[in-house]
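> After the structure tokens below, expect a handful of questions from me.
The values are calculated or read from the model by the stated rules, or taken from the named source; none is laboratory data. Values in this document were obtained by computation on a predicted structure and should not be read as measured data. All Cβ positions, glycine included, derive from the backbone under ideal geometry; neighbour counts span all protein chains shown. When the accessible area is computed, the model is the full protein with side chains, heavy atoms only, and any ligands, DNA or RNA have been set aside. Shrake-Rupley method; radii C 1.70, N 1.55, O 1.52, S 1.80 Å.
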There are 2 protein chains.
Amino acid sequence: MKIPKSITKLIESFQSLPGIGPKSAQRLTFHLLHFPQERLERFANALLELKSGTKICTICKNVGEGETCSVCEDKSRIKNQIIVVASPMDVFAVEKTGYKGLYHVLHGVIDPLNSIGPEEIYIVDLMDRIKGFEDSFGDALEIILATNSSMEGESTAMYISKLIRDTGFGEDRVKLSRIARGLPVGGDIEYADEITLSRAIEGRIDF
Amino acid sequence: MKIPKSITKLIESFQSLPGIGPKSAQRLTFHLLHFPQERLERFANALLELKSGTKICTICKNVGEGETCSVCEDKSRIKNQIIVVASPMDVFAVEKTGYKGLYHVLHGVIDPLNSIGPEEIYIVDLMDRIKGFEDSFGDALEIILATNSSMEGESTAMYISKLIRDTGFGEDRVKLSRIARGLPVGGDIEYADEITLSRAIEGRIDF
């Protein structure tokens with residue numbers, strides 16, 4: 001039996017997405033066969049306009065609609081707090097917590113195995129922001145390193161913190177912190193893995 | 001923080017697909033942001049051409065490229081064997097077994113709760129095929145009912161078999177069968193659910 005080309009093409013497109021295997025790609029494609037053409041067009045247009053409708057913010061490298069993103073333009077944000085994250089999705093997650101500072105999106109982590117070095121991600125731009133930072137009250141800038149706790153995420157955080165100190169920014173100028181690792185809220189101690197638990201004990205706070 | 005419209009639009013499109021929740025839709029959209037525009041265009045074109053590049057076969061209602069599908073056009077197929085399935089995906093699955101007969105795709109099952117009656121699916125067309133069937137050797141036509149074993153699938157199979165007999169086609173003209181239910185090959189008896197196991201015992205074959 002010959003499968004129509006227009007079907008195999010769409011299956012291939014779906015399969016190139018992360019977490020979608022051959023079976024899911026098939027299922028999605030056949031599901032779309034029952035969609036009215038109008039909805040397929042809406043989907044296709046959303047794909048075509050994805051990149052033209054978004055811009056990387058010149059300041060924090062987050063994804064926005066204009067030259068600078070809505071966070072950087074918001075005057076009510078705390079200017080001397082920058083959370084450093086790997087991807088724009090992390091910004092979404094942090095925004096939900098009600099965080100009121102600024103962001104810096106690296107668009108990746110240092111990953112030598114996939115030939116991603118420090119130059120491939122927005123570390124130079126972060127350093128430029130730090131160099132250009134001036135606080136009217138003379139307060140220090142706090143850099144909160146919020147990369148994932150994977151090996152790549154940890155080494156990226158290490159690299160950035162070392163770079164900041166090596167460039168000559170002391171504690172008085174740049175305060176460095178890393179988001180806490182520990183048991184998730186609602187998580188049971190008996191089910192926690194040993195690394196998380198040991199990190200939770202290390203990072204214990206006064207009570 | 002304001003999320004760019006072009007991102008929310010694509011997230012919404014992904015979310016309308018089966019099995020893709022808000023988190024996956026977000027993840028897929030942000031993944032696509034890193035795609036070159038050319039690949040996004042290929043994906044969009046695949047969506048746009050999905051329906052124009054496919055046609056419902058006038059005989060078996062399977063999805064093909066021309067008026068009749070490649071199975072119906074294949075002269076080497078056994079003409080007096082028709083597997084009745086709910087969707088074109090089921091045809092793919094059966095094709096992999098090396099089955100050499102024909103198909104009839106219903107494009108759905110009778111599902112009163114979602115207001116899908118017998119008229120909404122290709123049952124009338126199946127009856128027309130049966131009425132028009134003539135075998136040069138006088139052999140009976142075998143209709144193999146291969147709808148799923150869900151309540152809707154079972155009742156659709158029941159409905160079709162009753163309709164065929166009520167229309168006056170006896171055993172000599174139309175042989176009716178239903179695919180076997182039982183333990184999957186490699187499945188352990190101790191892990192089988194009681195319904196599957198009882199169906200496997202009911203459907204036991206001589207050894």
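> Can you confirm whether A:Leu126 is in the same structural domain as A:Thr68 (by TED's automatic domain parsing), touching a strand residue (DSSP E or B) at 6+ places or on another chain (Cβ under 9 Å) and at pLDDT 90 or above?
Against the criterion (in the same structural domain as A:Thr68 (by TED's automatic domain parsing), touching a strand residue (DSSP E or B) at 6+ places or on another chain (Cβ under 9 Å) and at pLDDT 90 or above), A:Leu126 qualifies.
> Tell me, yes or no, whether region B:173-181 has at least one residue that is open to solvent by 30 Å² or more (accessible area, probe 1.4 Å), polar (S, T, N, Q) and at pLDDT 90 or above.
Within region B:173-181, one or more residues are open to solvent by 30 Å² or more (accessible area, probe 1.4 Å), polar (S, T, N, Q) and at pLDDT 90 or above.
> Give the residue that is most open to solvent (accessible area, probe 1.4 Å), with candidates limited to residues of region B:5-24 that are within 9 Å of another protein chain (Cβ to nearest Cβ) and assigned to a loop (DSSP other than H, G, I, E, B).
Per the criteria, the residue is B:Gly19.
> Can you tell me which of A:Phe43, A:Phe35 is part of a loop (DSSP other than H, G, I, E, B), more than 30 Å from A:Glu171 (Cβ to Cβ) and not charged (D, E, K, R)?
Answer to the selection: A:Phe35.
> Let me ask something else. Return the residue satisfying two criteria in turn: it lies in region B:47-66 and is more than 10 Å from chain A (Cβ to nearest Cβ) and not hydrophobic (A, V, I, L, M, F, W, C), and of such residues it is surrounded by the most Cβ atoms within 10 Å (Cβ to Cβ).
B:Lys61
> A follow-up question, please. State which residue is nearest to B:Ala93 (Cα to Cα) when the search covers only region A:28-46 and only residues that are open to solvent by 40 Å² or more (accessible area, probe 1.4 Å) and facing chain B (nearest Cβ under 7 Å).
A:His31
> How many residues does region B:89-130 hold that are in a loop (DSSP other than H, G, I, E, B), in contact with a Phe, Trp or Tyr (Cβ under 7 Å, 6 or more places away or on another chain) and either within 14 Å of another protein chain (Cβ to nearest Cβ) or buried (at least 18 other Cβ atoms within 10 Å of the Cβ) (or both)?
Number of matching residues: 3.
> Out of the residues in region A:185-207 that are farther than 25 Å from A:Leu141 by Cα, open to solvent by 90 Å² or more (accessible area, probe 1.4 Å) and in a loop (DSSP other than H, G, I, E, B), state the one that is modelled with the highest pLDDT.
So the residue we want is A:Val185.
> Are any residues in region B:67-88 facing chain A (nearest Cβ under 9 Å) and either among the aromatic types (Phe, Trp, Tyr) or open to solvent by 20 Å² or more (accessible area, probe 1.4 Å) (or both), and if so, which ones?
Of everything in region B:67-88, those that are facing chain A (nearest Cβ under 9 Å) and either among the aromatic types (Phe, Trp, Tyr) or open to solvent by 20 Å² or more (accessible area, probe 1.4 Å) (or both) turn out to be B:Ser70, B:Asp74, B:Ser87.
> In region A:8-32, which residues are in contact with a Leu (Cβ under 7 Å, 6 or more places away or on another chain) and in contact (Cβ under 8 Å) with a residue 12 or more places away in the chain?
Selection gives A:Leu10, A:Phe14, A:Leu28, A:Thr29, A:Leu32.
> Do we find that A:Leu141 is crowded, with 17+ Cβ neighbours inside 10 Å and within 30 Å of B:His31 (Cα to Cα) in this structure?
So A:Leu141 does not fit the description; no.
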